[in-house]
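Student: Questions regarding the structure given below will be posed in turn.
Quick note: the coordinates plus some simple rules give every number you see, no bench work behind them. Everything numeric here is computed off the predicted structure, so don't read it as measured data. Cβ coordinates were reconstructed from backbone atoms using ideal geometry, including for glycine residues, and neighbour counts include every protein chain displayed.
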Amino acid sequence: MAKFTTGRRTPAAEADEYLVQVSTTEDFSADVRDYVTADTSIVLPNGSVNTGTRYVRVLARNTNGDTASNTIAIRVINPCRIDFNGDGNKTTLDLIEFINGFRGSACQ
């Protein structure tokens, strides 16, 4: 689960809703995920944002158009402790990664 806020304690003047965009690219040209909320914060479901560097921006929307926030870069760490391969899912591949950890020398 990931929680983002618009950076405002009070809603933007005359904003009907907020569009939170999360992307793997700084210019939002690829892999853009959109989340709409009427609040100044949003909790994203588990697995909706995979690990790695992600770029986030918020657009305050109303009938006159959108007003965009600055873009911020965030580093998403693995939110699921048993998701060993970091793909956002809990599968047998994670169990294999866990078992392989015992055979390797990463912790010596």
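Student: With the crude spin-label approximation of a point 7 Å out along Cα→Cβ, what separation in nm comes out for Ser48 versus Arg75?
Tutor: Simple spin-label model gives 2.4 nm for this pair.
Student: While we're here: In nm, give the distance between the simple-model label positions of Arg103 and Thr63, each being 7 Å from the Cα along the Cα-to-Cβ direction.
Tutor: Between Arg103 and Thr63, the simple spin-label model gives 6.5 nm.
Student: Report, by chain and number, residues whose modeled amide H sits under 5 Å from the one on Glu17, excluding near sequence neighbours (fewer than 5 apart, same chain).
Tutor: Arg61
Student: Now, a different point. Mind sorting Leu19, Leu59 by how few other Cβ atoms lie within 10 Å of their own Cβ, fewest first? Could the numbers behind the result be given before it?
Tutor: Details: Leu19 15, Leu59 19.
So the residues, fewest neighbours to most, are Leu19, Leu59.
Student: Between Val32 and Glu17, with labels modelled 7 Å along Cα→Cβ, what's the label distance in nm to one decimal, could you check?
Tutor: It works out to 1.6 nm between the two label points.
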